[in-house]
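Below is one structure, written out as C-alpha cells; comments come after it.
Derivation of every value follows stated rules applied to the coordinates shown; laboratory data play no part. Being a predicted model, the structure only gives us computed values, none of them experimental. Glycine also receives a Cβ, built like all others from the backbone with ideal geometry; neighbour counts cover every protein chain displayed.
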Amino acid sequence: MPRVSVILPVCRAEQYIEDCIQSILNQTFRDFELIIVTNGSDEQTLFKIDHFRNDRIRRIDFEKADLVKAVNTGIASSKGEFIARMDADDIMTLNRLGLQMKFLNEKPNFDVVSGKVLYEGDKNKNKGYYLHVEWLNQLKTHSDIYLNRFVDSPVANPSLMMRKKIFDQFGLFENGDFPEDYEMVLRWLDSGVRIGKVYEPVLHWRDHARRLTRNDNRYSQDAFYRIKARYFSTWFHRSKKAGDSVLIWGTGKSVWEKSIFLKDREIEVLGYIDVKNNKSVFKEKPIFHYSSIPANQFILSYVSDREGRQEIYNYLLKNGFDPGEDFYMMS
C-alpha cells in the first residue's frame, strides 16, 4: 500500500502533461501512487499519457470535463494515507513529496502542508498573478495562513499534501458557483484544521491563457467574494455577540461590489471608513475618517491596492487593533 496518493486531474493538457507526469515519477520519495483522472481530455493528451509505462500509475477516464468529480473520484479511489494534489500544467520539484511527508510525520498536529511556489509565466504581462505568488510565499506559518484567509486563497491548491482522514471528517471538494479549492481551504480553516508550510520550493506554478482560473465563472471576482462572505459570516456569528455590526474600510464602486455579499449573510454594515474628509455618506451609511473610528466595531478592509492594504494593516496594528480579533483584510 503506497503512503502517498498523487491525484492528477487532466483535461486537454497536451502541451504540459509529459513534463508534469515526469516530474512526479522523478520524485526522490518513492512510496507513492499516481492516479490520473482524465476528464474530457483530447486524443493528443491521452496519447501522451499512454507513453508512460509505470506500475505506480493508475488511470480513470471520464468523457465529460468535471474537475470536482475528477478530483473526488481520485481521492475516493486512492490507497495512500496521504493525498497530494497536482495540476496537469504544473511541475513538482524533485524533493516535494519527501519534504512534505517529513513535515507531516514530524508534526502530527498539522493535517495539511503546502510550500514555496515558483512562478512560471510572464511577470510583466501578468503582474497581478506574479504578485499573488509573491504574497503566497510570504505566508509561512499556520497563523499567517489563517489570518490572511479572506484576502485571497492563502495556499496554492496544487502545492498541497494532506492526511486523507480529513476528507472523511470534513467532506470532499464541493461543486458550486465558487472556486472549489478556496472553499475547501476556508472550510478546513473554519473547522480548526492546521495548515503548515515547508520553506523550500515544491511547485513550478505555470500561468498561461488557458488556465481554468482565467476561463471559468467559478473563479470570477464575484465568486471569490461570495465565498469569503459565507465563511466570514460563519466565523463572525459564531465569534461575536448577536447584533454586532461591521465597518467597511473603503468606499467606491469596487468596494461596494465586493462587500455587497455580506448583506445576504445577515451582516449589518454600520458605516464606511475613508482617508478623505470630503464625503459624509456612502450608500446611505455614514463615512468615518480613519482617525476617528468608532470604538468596539469590527473592521473589514476591502481596499485591494497592495500598498494601500499594507498601510491600512500597519495603521490598525499601530493603533491597537488585532487581526482576527478586531479586523480582517478582505481584499
- request: Enter the angle in degrees (range 0 to 90, nearest 10) between the Cα long axis of helix 221-239 and the first principal axis of the Cα atoms of the chain, meaning the one along which they spread out most.
  value: 70 degrees
Of TYR199, GLY324, SER153, farthest towards positive along the dipole that unit charges on Lys, Arg, Asp, Glu beta carbons give the chain: GLY324
- request: Could you work out how far helix 127-138 tilts from the main Cα principal axis of the chain, as a 0 to 90 degree angle to the nearest 10?
  value: 90 degrees
query: For ILE299, ILE21, what's the fewest-to-most ordering of other Cβ within 10 Å of each Cβ?
result: ILE299, ILE21
query: Which residue, chosen from ALA84, PHE178, GLY121, occupies the Cα position most advanced towards the positive end of the dipole of segment 4-219, where the dipole is computed from +1 (Lys, Arg) and -1 (Asp, Glu) charges on Cβ about the Cα centre?
result: ALA84
message: Apply the a/c threshold of 1.5 to the C-alpha gyration tensor of segment 221-329 and tell me whether it is rounded, prolate or oblate.
response: rounded
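Among LYS102/LYS125; LYS279/LYS318; LYS69/LYS125, which pairs are too far apart, with a Cα-Cα distance over 30 Å?
On the way: LYS102/LYS125 37 Å; LYS279/LYS318 25 Å; LYS69/LYS125 33 Å.
Table pairs above 30 Å Cα-Cα are LYS102/LYS125; LYS69/LYS125.
Would you mind ranking TRP235, TRP249 so that the residue whose beta carbon has the fewest other beta carbons within 10 Å leads the list?
If I rank by nearby Cβ atoms, fewest first, I get TRP235, TRP249.
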